[in-house]
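Below: the structure, in structure tokens.
What follows is calculated from the coordinates using simple rules that are stated; it is not laboratory data. Everything numeric here is computed off the predicted structure, so don't read it as measured data. For neighbour counting, all protein chains shown are included, and Cβ atoms are generated from backbone atoms with ideal geometry for every residue, glycine included.
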Number of protein chains: 2
Amino acid sequence: MTTRRTGLREQKKQATREALREAALRLALERGPESVRVDDIAEAAGVSPRTYNNYFSSREQAIVAAVTAEREARVAAAVAARPAVGLADAVVEAVVEQYTDPGEPHRDALLLITTRPALREAFVDTAGAVEHPLTDAIAGRLGDTDPHTARVLAASVAAAIRVALEQWLHTTAASVTSGGLVVPSGSLPDLLRTTLAPLTPALDAAEQQARRRRPQ
Amino acid sequence: MTTRRTGLREQKKQATREALREAALRLALERGPESVRVDDIAEAAGVSPRTYNNYFSSREQAIVAAVTAEREARVAAAVAARPAVGLADAVVEAVVEQYTDPGEPHRDALLLITTRPALREAFVDTAGAVEHPLTDAIAGRLGDTDPHTARVLAASVAAAIRVALEQWLHTTAASVTSGGLVVPSGSLPDLLRTTLAPLTPALDAAEQQARRRRPQ
DNA sequence: AGCGAAACATGCGTGCACGCAAGTTTGCGT
DNA sequence: ACGCAAACTTGCGTGCACGCATGTTTCGCT
């Protein structure tokens, strides 16, 4: 039930994808992202330039993907792995866990990404990718009775993550110049918790309703 | 406090923007969107092609903008215009009101948009545009004490609207082939209400908390 | 009123996304 | 084991996005 659809074919596809990701990241780190041509990435990965963008629809996407690969699926798995706690806590903790750099070998890559505007944008966009896996995870916990609600909640969580990342990039890039109140520090975990907090009532309510519909 | 930043300058800018929007839509209706070149739009609006994409970053964006122009601002205004009802109802009703075609002169345009895949995508993307105006509107109702919450809620509402539009386009394009339960008919107003419903608890909670913080 | 600065429109050049039409590899049925 | 069908890669061509440099219009200030 992992990813295997048909075997060898899919396997080679994933290998190509990974080769492109890693080539993109390596070249970006070597020469700086601005001077990496798509042709270079393709050549380094051993495919044609045309094949390159059967996989990625922008250069930034390929670079960022090397850091964010598979994180979406891991968030979903982390939600499913917390059946004991409430849905809201499960989601929040899963998100924090997966978005908080767990000693990755990509530290300098992250620095690179947060430095260049074009890459920051692509990085923030990756928040949207959790939506579909997370929809499935939430739907599983809500009992599949109302997939529609799960989808809306997942989309909202994804949107909140995006907001948190935007805030994070703003404050880490431009110090803490906010004129508002209660700016929740620059720590990404705290920022994520604070940003997801307003959605807790919606998650709780959905869980209650599901439990009511399926008493046992 | 409308849009005026500096006067004549901004005025001409908006005029150019509108000329481009209308030219794009007119040409798309005449010849079909596939055979409209950016050069044609620019020429019809009386500017250079290069200027065209100082305003729009894709051809689809320009066409769709003619239909969705200023809807974002009107949603925000519609929220502010409902101080008597609760925040959740105010938001839901404002959204439904503005997204339900109020006898626009754009009926055939909407049909065109929902027909062509490239335009549908651009159309769905416009849902995100309500986020910023809506953030201000919600922040106003929450008393500006916590702009962060307002932003998350607005982003979630925008995400929910996007989900509703996606669902709408799917079901209207491919009949009602869904295998799930409780598919909420094809009516866009109903669909919007159903989709926004799961967020009601979050909006209510934020409103309660704001009221608690500012008793009178 | 006139001047200096800033915003804006435009031409040009480069790199990229993507449709299309082959050629090639993989998988499946018999 | 063999051959057919479908999926994937690739070359080619076209249109587009966007950076940069330059000429022009607009604005604020004295």
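Computed over neighbours whose Cβ is under 9 Å from that of B:Ala154, the net charge equals -1, Lys and Arg +1, Asp and Glu -1.
Over all orientations, the protein assembly as shown has a Cα convex hull whose mean projected area works out to 24.3 square nanometres.
Relative to the longest principal axis of the Cα atoms of chain B, the long axis of helix B:131-142 makes an angle of roughly 20 degrees. Think of chain B as a dipole: +1 on every Lys or Arg Cβ, -1 on every Asp or Glu Cβ, centred on the Cα centre; then among B:Leu25, B:His148, B:Ala73, B:His148 lies furthest on the positive end. Principal-axis analysis of the Cα atoms of chain A puts helix A:87-99 at an angle of about 20° to the longest axis.
Over the protein assembly as shown, dividing the summed -39,500 (n - 2.57) contributions of all DSSP H runs of at least 4 residues by the number of residues returns a 222 nm mean residue ellipticity of -22000 deg cm²/dmol. Taking every alpha-carbon pair within the range B:49-159, the share separated by more than 18 Å comes to 54 percent.
Reported value for the range A:89-154: 89 Å³ per residue, from the convex hull of its C-alpha atoms.
Normalising the Debye intensity of the range A:1-109 to I(0), with uniform scatterers on Cα atoms only, and taking log10 at q = 0.15, 0.21, 0.22 Å⁻¹ returns -0.76, -1.08, -1.12.
Sorted from shortest to longest, the distances between the B:Pro189 label points of this copy and the other copies are 4.9 nm, with each point 7 Å from Cα along the line through the beta carbon. Given R0 = 45 Å, the distance between the Cβ atoms of A:Ala84 and B:Asn53 translates into a calculated FRET efficiency of 0.30. Any idea what log10 I(q)/I(0) is at q = 0.07, 0.10, 0.18 Å⁻¹ for chain A, Debye with uniform C-alpha scatterers and no solvent? Normalising to I(0) and taking log10 leaves -0.26, -0.52, -1.27.
The modelled label-to-label distance between B:Glu30 and A:Glu30, using points 7 Å beyond Cα along the C-beta direction, is 5.1 nm.
Label point of B:Asp125 (7 Å along Cα→beta-carbon): distances to the other copies' equivalent points are 0.9 nm, sorted ascending. Helix B:147-173 and the longest principal axis of the Cα set of chain B meet at an angle near 60°. Here, the range B:45-109 is characterised by an Rg to Rh ratio of 1.14, where Rg is the alpha-carbon radius of gyration and Rh the Kirkwood radius. Site pair B:Asp108 and A:Glu97 shows an inter-label distance of 5.7 nm when each label is modelled 7 Å from Cα along Cα→Cβ.
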